[in-house]
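The values are calculated or read from the model by the stated rules, or taken from the named source; none is laboratory data. Keep in mind the model is a prediction, meaning the values are calculated, not measured. We place every Cβ from the backbone using ideal geometry, glycine too, and count neighbours over all the protein chains shown.
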Amino acid sequence: MMEIDEPIEPGIVEDDDDALWSIDDDTLFQPCGLISHSSSSNNKTKSVFVTWNEYYLLNYRFKRSKKTNRMEMTKVRIPLPRGNHLTSIHMLEYNTLLLMSDGRVHCFGSIKSLHLISWLKGVRAFARTHEGFSVIRHDEDTQQLLLQVYVDLPSLSKGETTLQNCYDITYDEQNIFQCDWQNDSYTLLTITVAKQHEQFMQCLFGAVATADKQIHIFSIAGHVFVLMPRDEDAVDDASADADSEQTYHIELLCIYPTSVKFMHLLPSQNLCLVYLSCGSVDIWYMSRLLSIKQRQMYYTGSEWLDYDVTSENGDFYYTDGEQLVRLRFQYDAVLDDCQVQRCVKPVPGMQACTWVQHIEQLVCLSDNNIFYRIAFSVEQVADEDLSALSDLTPTAMEQLRCNAQVLQQYERQPAELLAAIQREHEKQQLVAVARNETSFESSLEATLEFRRQVPVFGADSLLLYTSRETQLDSNNIYAILQLTLRSSQKLLHSSHWQLLVYHGHNAHVHRVPTDLLLSRNCRIIIPLNKAFHERLPKFEVKLVAFLELHTQISAILLPIKLKENSNTYRALFSGQLYSLNLYNKQQLPDMLAKKSATKIKPKIKQKMTTPGSLNLEQIAGICNASARIENELDLYFIDSKLSIEGSVKDNKTVLTIQSEDVTAVYHFKQHLFLNVDPEYDHTAPDEAARLKVMKLQQEIERFYGSQYADKEFEVNPEIHLESLLLKYNTLRNTVF
């Protein structure tokens, strides 16, 4: 315990270079806490300091001798009860109470002794009130959890219980606190609502928090509650028993995932601060704009070895072993939020701290058991010689880091400038490639081939699939697009290219690195489903690269010429049916198809002259059909049947094609023309065909020339139209 019996002005302490406040008789002393108590009388200030460890507590008294005018220190060691450790110390008006870990409460009988308060036990949380104190205690006899209010009287340990109010918060039927009441963390704060703070209290805790009413804010296992007693007009005050349970209203305010360290209510500053064990501070305040409760979370970034909140303006001081920190919370009515000012003192090794209000300094106890006085006044820091402040404060460290980052940036500037020039060069090259798009027409090609199954390619191939899952069906086929890139130098201007493939209403995009695109044989695999009377899709392939020009993203499109060859449709034709759909469970489309199957499907019949003088045997070879019967040939285009009859007319093979699927006929013709000998000029008809075409053309011209002069057309136009149709069919069969 330390007492200073001398006139002291606030913020001014006389220096004594010969005085060293320390604990010199126990070098292994590890402080668990440090508190102070100050009072003024007769123009003298008296301060009391208490520190403790697990086994004993120390009272320090510092007194200036009237004879020598020097500061003298007197200390008293008091052993603590065995088997328990001191949890907290609470200084009241008449008594100083010590809360032990087993829930027992002791008080100072004198400066050298402790006395047990026998009628108060099982205490889990303690709070000071205007007239005494309030506690949360667990009664082991009745297994009740009680919130009780007591009156502080002199010689508290010698008298009887001073219980004023009792609230049973056990809740046997439903444990709303979700705890076992034995090992959980408890906090308690008891406040009497002042008239000028009634609006603030009602905004935070409800309309029941009226003026002059005492409310209790407590937390159990991270749950924060408010308990407000109810007025009972029907109860006679004279007959009311203090031990009986009081009626009250309890409300759950909030739940935290961690336990609550303590709560600090500052109604005059429009703030309620909830300090959590994880190092965060939850700030409650009333919005002056909306008149509602608002919350704001602030994280300190560390756990606290010791802390103090006894400052008159509500400042929070703590030490984490590396530095001393002051947090000042202020509500800003203009911004309608809470501003947190953080002041740091780089003083390592401090284990305990307490704020002394009358000197406005923080008294700390270090790990080498020496007391220090630390001033946090802004005015004192401003009056100091700035040249003498050589400590590496967090602000100075942050400035050094900023300077180091600027220096590193200057060192990286040449390399970054070269990289920016290189990127700009690549952009210009890509723009040049886009402008010379015509030069790529012969160097970028793709070959189309349809397959029933995906074949096995070599190790130098890169397969780009456009779908992960395909439904099994007999009409399933695969379109394989093989890319051929002859001029690869200009493609190296971009590290990645995107392959865009369009067919119908579908689009597929593949982002491929340039080195893979040039070093591997890229093939794009597109699964398709060939529907009845539906042609195979037309494909369009492009190479795309994106670049940023003047903050705008531009795209470079290089079209790839798609070619068809003699093998494009070859795998889709066969001499027999290879696949058929067999469903165990019929679905709606299958039932509709079954009903329509009973109807006779119309067959399409067309005649054509084989291109390139192909005969029926050659047609069977290119359509994967090995067997034929005389001049008849049966083919399958996927699962659509083609019946072909061959005849010779004017040394030309004339084919009669029949099928229920018109697209099968169409693609069969495409396949024939793709397999014509390149040396054969199918565009030049022979002499006989040319004469017939000229004769028919002459007849048509004569018809058109006489239609306005001949009045028979107006009399009987059907005869003329029938003649015209006959001539058109004759012309079509002659050409094809």
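Would you pick out the residues in the stretch 123-155 that are in a strand (DSSP E or B), over 28 Å from A194 (Cα atoms) and charged (D, E, K, R)?
Of everything in the stretch 123-155, just one residue is in a strand (DSSP E or B), over 28 Å from A194 (Cα atoms) and charged (D, E, K, R), namely D139.
Determine which single condition V208 fails, assuming it passes every other condition in (1) aliphatic (A, V, I, L, M); (2) crowded, with 19+ Cβ neighbours inside 10 Å; (3) modelled with pLDDT under 90.
(2)
Please indicate, with yes or no, whether at least one residue in the stretch 40-61 is part of a strand (DSSP E or B), aromatic (F, W, Y) and at pLDDT below 75. Please lay out each step first, then the result.
Filtering the stretch 40-61 for residues part of a strand (DSSP E or B) gives 40-41, 44-52, 56-61.
Those left that are additionally aromatic (F, W, Y): 49, 52, 56, 60.
Next, only the ones that are at pLDDT below 75 stay: none.
Within the stretch 40-61 (the criterion being part of a strand (DSSP E or B), aromatic (F, W, Y) and at pLDDT below 75), the answer is no, since none of the residues qualifies.
What is the residue count in the stretch 530-557 for residues that are aliphatic (A, V, I, L, M), surrounded by 18 or more Cβ atoms within 10 Å (Cβ to Cβ) and either modelled with pLDDT of 80 or more or in contact with a His (Cβ under 6 Å, 6 or more places away or on another chain) (or both)? Break it down stepwise before answering.
Residues of the stretch 530-557 aliphatic (A, V, I, L, M): 531, 536, 541, 543-545, 547, 549, 553, 555-557.
Now restrict to residues that are surrounded by 18 or more Cβ atoms within 10 Å (Cβ to Cβ): 536, 541, 543, 545, 547, 556.
Checking which are either modelled with pLDDT of 80 or more or in contact with a His (Cβ under 6 Å, 6 or more places away or on another chain) (or both) leaves us with 536, 541, 543.
Residues meeting the conditions: 3.
Per-residue answers, yes or no, for (1) over 60 Å from the mean Cα position of the chain (by Cα); (2) at pLDDT below 85:
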position: K599; (1), (2): no, yes
position: T610; (1), (2): yes, yes
position: I622; (1), (2): no, no
position: N631; (1), (2): yes, yes
position: F637; (1), (2): no, no
position: S643; (1), (2): yes, no
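Collect the residues in the stretch 191-210 that are aliphatic (A, V, I, L, M) and touching a strand residue (DSSP E or B) at 6+ places or on another chain (Cβ under 9 Å), keeping them in residue-number order.
I191, V193, M201, L204, V208, A209 - these are the residues of the stretch 191-210 that are aliphatic (A, V, I, L, M) and touching a strand residue (DSSP E or B) at 6+ places or on another chain (Cβ under 9 Å).
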